[in-house]
1. If you take the charge dipole of region B:3-210 about its Cα centre, with +1 on Lys and Arg Cβ and -1 on Asp and Glu Cβ, which of B:Ala20, B:Thr118, B:Ser158 is farthest toward its positive end?
2. To the nearest 0.05, how large is the calculated FRET efficiency for B:Leu280 and A:Glu197 if R₀ is 60 Å and r is the Cβ-Cβ distance?
3. By a straight-distance test (C-alpha under 19 Å), which aspartates and glutamates pair with A:Lys135 as possible cross-link partners, with residues fewer than eight away in the same chain excluded?
4. Please label the shape of region B:144-300 as rounded, prolate or oblate, based on the square roots a ≥ b ≥ c of the eigenvalues of the alpha-carbon gyration tensor (a/c under 1.5 means rounded; beyond that, a/b larger than b/c means prolate, else oblate).
5. Quick one: dipole size for chain A, taken about the Cα centre, charges +1 on Lys/Arg Cβ and -1 on Asp/Glu Cβ, in debye to the nearest 20.
6. In Å³ and rounded to a whole number, note down the convex hull volume per residue for the Cα atoms of region B:1-100.
7. Sorted from fewest to most neighbouring beta carbons within 10 Å, what does the list B:Asp209, B:Asp34 look like?
8. Per the Kirkwood formula on distinct C-alpha pairs, the Rh of region A:54-167 is how many angstrom?
Amino acid sequence: MMHAKGLLKTFNPGTPIENRVLRGLDLHIETGQFVTVIGSNGAGKSTFLNAISGDLLVDSGSLHLDGQDVTRQNAWQRAGLVARVFQDPMAGTCEALTIEENLALAWQRGERRGLGRAVKAELRELFREKLSILKLGLENRLTDRIGLLSGGQRQAVSLLMASLKPSRMLLLDEHTAALDPKTAAFVLELTDQVVAEGKLTTLMVTHSMRQALDHGDRTVMLHQGRVVLDVSGEERARMDVPDLLAMFERTRGEAITDDALLLG
Amino acid sequence: MSLISLMGALEIGLIFALVALGVLISFRILNFPDLTADGSFPLGGAVAAIMIAGGQSPWLACAAAMLAGAAAGWVTAWLNVRLNILQLLASILVMIALYSINLRVMGAPNVALIGSPTVFSPLIGEVSERAMWVQPGVLAAIVVAAKLLLDAYFASQSGLAMRATGANPRMARAQGISTNRAILTGMALSNALIALGGALYVQTQGGADISMGVGTIVVGLAAVIIGETLIPSRSLWVITLATVLGAILYRLFIALALSADFIGLQAQDLNLVTAVLVGLALVLPTLKAKLRKTVKGNPA
C-alpha cells in the first residue's frame with residue numbers, strides 16, 4: 001500500500017526559473033494494485049516517481065509505504081521497500097560488473113552487506129534459473145559484463161533485479177521508452193508476467209496512452225503536479241485512447257498540444 | 001645496471017605497489033580523484049619513524065601508520081560527502097593540512113632510523129649483505145598479501161557495494177547501498193595502504209623526511225596507468241595484478257633510464273622521465289588502436 005498526501009516540490013524556489021512541479025499531489029494505491037501513470041511533459045510524473053523512490057525529498061506533504069512514514073528517508077534507506085526500473089537501460093545496471101554481480105547487488109537490496117562472498121554457488125544456481133525465464137540465453141552468460149548486453153536485454157535484467165527480492169512498491173519509469181517497438185513489447189509482456197506472479201504493487205509511468213490502458217488495472221493522469229484523472233474497473237475497461245483524451249480535455253478545459261501523448 | 005641497483009628498484013617498486021593499490025581504489029574503483037596520497041604517504045612514514053625511534057615494535061608502527069592514513073582518507077571523503085566540497089579540492093586541503101601535521105608528528109623535518117630495528121631486521125640479523133634479498137622478499141610477501149586481501153574484499157558483498165558506488169551511484173542507492181558510507185570506507189582503505197607504503201619506505205631508507213611525499217600521487221597513478229595499458233582487463237584480480245606489476249615495471253624503467261650512461265640522464269631528471277613515461281602509457285592504447293585499424297584497412 002502506498003499513500004501520498006499533499007506532496008509539494010518546487011525546483012529553484014525564489015528564482016526566475018522557479019518551477020512548481022508537484023502542487024499538492026494525493027494518491028492512494030492499494031496493495032497489489034497495478035497503476036499506470038500518464039501526463040504530458042512537465043506534468044510531474046518523473047518527479048513523483050523520484051519522490052517515492054527517495055531520489056528527491058519533497059518540500060512538504062507525507063508519503064507512507066505500507067503504513068511506514070518514509071517522507072524524510074533518502075533513497076538507500078527506503079530501498080528495502082521500493083524496487084525500481086529506470087528509463088535508461090544504462091542507469092539500472094552496473095556496466096562494469098558482470099551479470100551475476102549485478103544480480104547479487106539486487107539480491108541484497110535494502111539489506112546489510114557484510115564480508116561474505118557476494119556470489120555464492122547456490123545463488124548462482126538461483127540466478128541461472130531466474131534468467132532462464134527471460135529466454136534470452138543469459139543463464140549461460142553469468143560472468144559476462146552487463147555492458148556487453150543490448151538495451152533490451154539490460155532492461156529485462158533490470159526488471160528481474162527489481163523483482164528478485166520482495167518489495168512494497170515497484171516503480172517503472174517509462175522503462176520501455178528507450179527500446180525499439182519489438183523489444184518494448186517483449187519487456188512489457190515480461191512486466192505483466194513479473195507483476196502478476198509476485199502480485200506486486202506497481203506504479204508504471206508511460207508516455208503512451210495505449211500502454212496505459214492495456215496494462216495494469218487503474219490509470220491516473222497527472223497535470224501540473226496533481227492527479228486530474230483516475231479511472232479503474234468497468235469505466236476503464238470500456239475506455240479507448242480517444243475517450244481518455246476527451247476526458248482529459250474536459251477535465252482541464254484545454255486541448256492537448258503535446259504530440260507525444262497523442263502519438264503514443 | 002648492477003644487481004644492487006636492480007634489487008633497489010624492485011624494493012621501491014614493491015613499496016609503490018601498495019601506493020598504487022591505494023590509488024586504484026580511489027581513482028578507479030570509487031571514481032574519486034584523490035591527491036591526499038602526497039600527505040598520507042609521509043604521514044605513514046612519520047608515524048612509523050617516530051614510533052620506531054621511540055622503541056615501539058616496527059609492526060605495531062606499521063599498524064599505527066595505517067590507522068593514521070585511514071583517518072586522513074576518511075577526512076578527505078567526509079569533506080566531500082558531508083560538506084559537498086569538490087573531490088579534488090577536498091583532497092588538496094587535507095594534503096596541505098597534513099604537511100603541518102607531519103611536522104608536528106616528527107617534531108623536526110626529519111627523523112633518522114639508522115641502526116633502529118625494522119620489520120626486516122630480524123631476518124637480516126648481523127649479516128648486512130642479506131638486506132639486498134630480505135627487504136624485497138618481505139615487501140613482496142606484504143604486497144601479495146595486500147593484493148589477495150583486496151581481491152577477496154572486492155568479491156564480498158561490501159566490496160561489491162563499493163564498486164557499484166563508484167560505477168553507478170544512483171543504481172547503488174536504489175539497491176539500498178549507502179554510497180556515502182562506501183566512499184568513506186573506501187577512501188580510508190585507500191589511504192591506509194598508501195600510509196603503509198610510507199611506513200615501509202622509511203624503514204628501507206633509514207629515516208623519514210618531510211619532503212618524502214612529493215609526487216607520490218603521480219607515481220601511484222603512473223603505476224595504475226602503466227598496468228592497465230600493458231594488461232587491459234575488466235576482471236578485478238587481473239587489474240590489481242596489473243597495478244602491482246605496473247609499479248614494479250615503472251621503477252625498473254626509471255632505474256634503467258637513469259643508469260644507462262649513453263642517454264646521459266641523471267638522478268635529478270627523475271620527474272621528467274616519469275612525465276614522459278606516463279605520457280607514453282596514456283597514448284599507447286590510442287596508438288595501438290590506430291595501428292590495428294591501419295593493418296585491418298590494408299591487408300598486406
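Taken together, the values in this text are just the output of simple stated rules run on the coordinates, not laboratory data. Note that the structure is predicted; figures quoted are calculated from it, not measured. Cβ placement follows ideal geometry from the backbone for every residue including glycine, while neighbour counts extend to all protein chains displayed.
1. B:Ser158
2. 0.60
3. A:Glu100, A:Glu125, A:Asp144, A:Asp180, A:Glu189, A:Asp192, A:Glu197
4. Cα axes put region B:144-300 in the oblate bin.
5. Here the size comes out at about 780 debye.
6. Hull volume normalised by residue count: 123 Å³.
7. B:Asp209, B:Asp34
8. The Cα-based Kirkwood calculation yields 15.2 Å.
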